[in-house]
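Worksheet: the structure to be examined is printed underneath.
The values are calculated or read from the model by the stated rules, or taken from the named source; none is laboratory data. The shown structure was predicted, so the numbers you read here are calculated from the model rather than taken from an experiment. With ideal geometry, Cβ positions are generated from the backbone for all residues, glycine too; neighbour counts draw on all protein chains shown. For accessibility, only protein heavy atoms count, side chains too; no ligands or nucleic acids. Shrake-Rupley method; radii C 1.70, N 1.55, O 1.52, S 1.80 Å.
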Amino acid sequence: MTARLDPEHDGLAGRADDVYEALLVAHEGLSEAESAALNARLILLLLNALSDPEMALAAIATARDGKVG
Amino acid sequence: MGRYIHKRFAYRTPPELSGAAARRYPVVIIGAGPVGLAAAIDLALHGVPVVVLDDSDRVSVGSRAICWAKRTLEIFDRLGIGERMVAKGVTWRVGRLFHGEREVYSFDLLPEAGHKMPAFINLQQYYVEEFLVERCADFPDLIDLRWNNRLVELERLDDGVIVSVETPEGAYRIEAGWLVACDGARSRTRTLLGLDFTGRVFEERFLIADVEMKADFPSERWFWFEPPFHSGESALLHKQPDDIYRIDLQLGWDADPEEEKKPERVIPRIRAIVGARPFELDWMSVYTFQCRRLDKFVHGRVIFAGDSAHIVSPFGARGGNGGIQDVDNLGWKLAAVVKGEAGAGLLASYDEERIFGADENIRHSARSTNFMTPKGGTERVFRRAVLDLAARHVFARRMVNSGRLSAPCSLAGLSLQTPAEVGGGVAPGQVCPDAPLLAPDGKNVFLLELLGQTFKWLALGQVAAPAGAGLPVVRIGEGGFADREGFARARLGWDVLYLVRPDQHVAARFLAPAAAEAVAALRRARGFAAAAEGVAA
């Protein structure tokens, strides 16, 4: 169920650079508050797109634990 | 092992200043850096005489381009200096990435068996230039290398150029059918033609230094984001031959280049990286980033190659490597044009294929630069998030960008290539992969040593090679080279015929070629319009 959160899983099919670039481009010219709002919308869209509430909860927990150093 | 000694190359009185009859040359090359010298050798291998003009009398000062990728080494091998470069260079495969004190992850460019050339070597640009100059001497009747001959003016004709040259003994003019501008990022040719780059200049400054020291650092690439020993954003350490280490430090846009070059500023920074061990500063420079190119590389009889045509940020090793790939693409095409063997579209395909390659290099190096120099809070927040997740998550490691190391450019879908039927193997446009083979006489050879220089059919297994086209056939399988370890079959397929270009890119692939189809593919790859395919001409 949460296999997609496995550290070895790469679901971006070799297009990590494209996705990362698009993310930064989406934020260009926004204020800090506007950027935070964009991020919030994006996260909510992605949680819904998962179509898997268990995984959504697991992803939130992984992100919370993901802070390193 | 001592530090590199820069030899001076002797200026010799050119024939134009010693009373010889005026002569028109097929090709003049401006600039005797790696790109200009490689272009001279490539044209000489095709039997085309060249004059090379250089405004100095020695090889590059400082390491400059150091990281040479596998594809570039294969090209240098075709030109005759590949084995020498690998023997002298430092072969590395492990890269380590640090964020502050913490190692985030490491990668291993696992050497894949069955290739002649390694993934990367580090070798200072001055060695590459020295090897190329020595190789030029193998063509005394074809390559005329003129040191301390400076391009001053350029007059463009419909069918050539007239070049005004300045020497220690005075000025002279020569006429040539073609001029290849390999005179670098500050190209005088480009200025004389009034051409400019378009693209981005990144507001960032780097200090680059060659440091000589005895150290037991492994042959690895070490990259730091927010290094603990330096207040800037990033740092890079690379090992080179002769106990020389290359250090790149990000300084920030506000840094004053003149101040930063002062030893009292540089020495403590290096001390912070290398610790207490004694070292000597060999060379240093402060540079800014640009990712820009000319709109087109062919301007009538003037052709741009290397940094004169496009410049990228240094991370990702795409400057020197990109320039040598320009030469690989241009050499056979220009030779065919000079000999009157090219279709009208052949030289235009240099623009098409190398602008495609330059844009790929610019895209990758601009992304690396963005990652290393986050603008504003949000970009910094995301980079921090990526680096945090990268300690555990593979997907995040793939977003970390300290330079996407140069990979061979695929020319699939561009004009010279004939699209292939479905099936496995190598797609038209890609570089033919290497493979170890056993020659009929019992000698071990590599496939790429058999390909290149001219068009060739590469036939694997039972497939018939078209008669009549007059091309050499390299056959793997019965009656030809033995694929004892199976690398050729695994990488190229079996019972398949390839048309391989002089630059070792695949132009066409057939499973059961009809002679007319194969001949049409060859015509197309020689620049005769695709529309004329199958039409006798």
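Test of the criteria: in chain A, which GluC sites (Glu not before Pro) are in a DSSP loop and have at most 10 other Cβ atoms within 10 angstrom of their Cβ?
Filter output for chain A: A:Glu8.
Can you give the local net charge around B:Gln240? Use residues other than it whose beta-carbon is closer than 15 angstrom to its beta-carbon, Lys and Arg +1, Asp and Glu -1.
Values: positive: B:Arg3, B:Arg64, B:Lys88, B:Lys214, B:Arg221, B:Lys239, B:Arg246; negative: B:Glu129, B:Glu130, B:Asp210, B:Glu212, B:Glu220, B:Asp242, B:Asp243, B:Asp248, B:Glu280, B:Asp282.
Overall, the nearby charge balance is -3.
Where the only charges are on Cβ atoms (+1 Lys, Arg; -1 Asp, Glu), what is the dipole of the range B:436-532 about its Cα centre, to the nearest 20 debye?
Using only the charged Cβ atoms, the result is roughly 280 debye.
Which value at 222 nm does chain B reach when only helices count, each DSSP H run of 4 or more adding -39,500 (n - 2.57), with the total divided by all residues and rounded to the nearest 500 deg cm²/dmol? Walk me through the numbers on the way to the answer.
Details: 14 runs with 149 residues, N = 537.
Roughly -8500 deg cm²/dmol at 222 nm, from the helical runs in chain B.
Using a 1.4 angstrom probe on heavy atoms only, work out the carbon and sulfur share of the accessible area of the range A:3-65 in %. Each step should come with its number before you reach the end.
Numbers: 2640 of 4390 Å².
Carbon-and-sulfur percentage of accessible area, whole number: 60.
Any number yet on Rg/Rh for the range B:196-305, C-alpha, Kirkwood?
Over the Cα atoms of the range B:196-305, Rg/Rh equals 1.08.
Using a loss threshold of 40 Å², tell me which positions in the range A:1-41 are less accessible in the complex than in their chain alone. Probe radius 1.4 Å, ligands and nucleic acids ignored.
By number: A:Pro7, A:Asp10, A:Ala16, A:Asp17, A:Tyr20, A:Glu21, A:Leu24.
Provide the net charge surrounding B:Leu499, with neighbours chosen by a C-beta distance below 10 Å and charges set as Lys +1, Arg +1, Asp -1, Glu -1.
Values: positive: B:Lys456, B:Arg501, B:Arg509, B:Arg524; negative: none.
Overall, the nearby charge balance is +4.
Setting aside same-chain residues fewer than 8 positions from B:Lys296, which lysines have a Cα under 16 Å from its Cα?
Those lysines meeting the cut-off do not exist here.
Taking loop as defined by DSSP and a crowding limit of 12 other beta carbons within 10 Å, which trypsin sites (Lys or Arg not before Pro) in the range B:172-256 fit? Write down the numbers at each step before the final one.
Details: sites: B:Arg173, B:Arg186, B:Arg188, B:Arg190, B:Arg200, B:Arg205, B:Lys214, B:Arg221, B:Lys239, B:Arg246; in loops: B:Arg186, B:Lys214.
Loop-located and lightly packed - B:Arg186, B:Lys214.
Would you list which lysines come within 21 Å of B:Lys7, measuring only between C-alpha atoms, while excluding same-chain residues fewer than 8 positions from it?
Counting by Cα, and skipping residues close in sequence, B:Lys7 has these lysines nearby: B:Lys88.
Count charges around B:Glu74 for me, please; just the other residues with Cβ under 12 Å from its Cβ, Lys/Arg as +1, Asp/Glu as -1.
Within the 12 Å Cβ shell, the charges total -2.
Charges on Cβ only, +1 for Lys and Arg, -1 for Asp and Glu, centred on the Cα centroid of chain B; of B:Gly480, B:Ala385, B:Val463, which one is farthest towards the dipole's positive end?
Of the candidates, B:Ala385 comes out farthest on the positive side.
Give the Cα extents of the range B:79-168 along the principal axes, in whole Å, largest first.
Principal extents (largest minus smallest coordinate, Cα): 58, 34, 30 Å.
Could you work out the per residue convex hull volume over the alpha carbons of chain B, in cubic angstrom?
On the way: hull volume 92.5 nm³, N = 537.
Considering the Cα atoms of chain B, their hull volume per residue is 172 Å³.
Plugging the Kirkwood radius over Cα pairs into Stokes-Einstein for the range B:436-532, at a temperature of 10 °C and a viscosity of 1.306 mPa s, what D comes out in µm²/s?
Estimated diffusion coefficient is 116 µm²/s.
So how far, in whole Å, is the C-alpha centre of the range A:6-39 from the one of the range B:431-490?
After rounding, the separation between the Cα centres reads 46 Å.
Can you give the % of DSSP beta bridges in the range B:436-532 that are antiparallel, to the nearest 5?
Antiparallel bridges: around 70 percent, rounded to the nearest 5.
Antiparallel as a % of all DSSP beta bridges within chain B, to the nearest 5?
Details: 73 of 101 bridges.
In chain B, approximately 70 percent of DSSP beta bridges are antiparallel ones.
What is the P(r) of the protein assembly as shown, as percent of Cα-Cα pairs per 20 Å bin from 0?
It works out to 18, 48, 31, 4, 0, in whole percents.
Considering protein heavy atoms only and a 1.4 Å probe radius, which residues within the range B:392-410 exhibit an accessible-area decrease of no less than 30 Å² in the full assembly relative to the chain by itself?
B:Arg392, B:His393, B:Val394, B:Phe395, B:Arg398, B:Met399
Using a 1.4 Å probe on protein heavy atoms only, how many Å² of accessible area do A and B hide from each other, summed over both chains and rounded to 100?
Chains A and B together bury approximately 2000 Å².
Under a crude label model (7 Å from the Cα following the beta-carbon direction), how far is B:Glu258 from B:Gln453 in nanometres?
Going by the 7 Å Cα→Cβ label model, 5.4 nm.
How large is the charge dipole for the range B:148-303, taken about the Cα centre, if only the Cβ atoms of Lys, Arg (+1) and Asp, Glu (-1) carry charge, to the nearest 20 debye?
With only Lys, Arg, Asp and Glu charged at Cβ, the dipole is about 260 debye.
Determine the dipole magnitude for the protein assembly as shown: charges of +1 sit on the beta-carbon of Lys and Arg, -1 on that of Asp and Glu, nothing else is charged, the reference point is the Cα centre, and the result goes in debye to the nearest 20.
Working: 71 positive and 81 negative charges, 67 e Å.
Around 320 debye, computed over the protein assembly as shown.
With all pairs of different alpha carbon atoms counted, what Kirkwood hydrodynamic radius in Å does the range A:3-65 show? Walk me through the numbers before you get to the answer.
On the way: mean 1/r = 0.0748 Å⁻¹.
Roughly 13.4 Å, rounded to one decimal.
Report, in cubic angstrom per residue, the convex hull volume of the C-alpha atoms of the range B:279-367.
Dividing the Cα hull volume of the range B:279-367 by its residues yields 120 Å³.
Please arrange B:Lys261, B:Lys333 by accessible surface area, largest first, computed with a 1.4 Å probe and ligands excluded.
Result, largest first: B:Lys261, B:Lys333.
Strictly over 28 Å apart at the Cα level, which of B:Lys214/B:Lys375; B:Lys239/B:Lys333; B:Lys116/B:Lys333; B:Lys116/B:Lys239 would you flag in this model?
B:Lys214/B:Lys375; B:Lys239/B:Lys333
Just the number, please: percent antiparallel of the DSSP beta bridges in the protein assembly as shown, rounded to the nearest 5.
70 percent
Quote the FRET efficiency, to the nearest 0.05, computed for A:Leu42 versus A:Glu8 with a Förster distance R0 of 25 Å and r equal to the Cβ-Cβ distance.
0.55
Suppose R0 equals 41 Å. What FRET efficiency, 1/(1 + (r/R0)^6) with r the Cβ-Cβ distance, do B:Tyr11 and B:Arg200 give to the nearest 0.05?
Efficiency computed from Cβ-Cβ geometry: 0.55.
Pick out, in residue order, every one of the chymotrypsin sites (Phe, Trp or Tyr not before Pro) in the range B:157-266 that is DSSP loop and has at most 12 other C-beta atoms within 10 Å; say none if there are none.
B:Trp253
Nearest 10 degrees is fine. How inclined is helix A:16-27 to the longest principal axis of chain A, computing both from alpha carbons?
40 degrees
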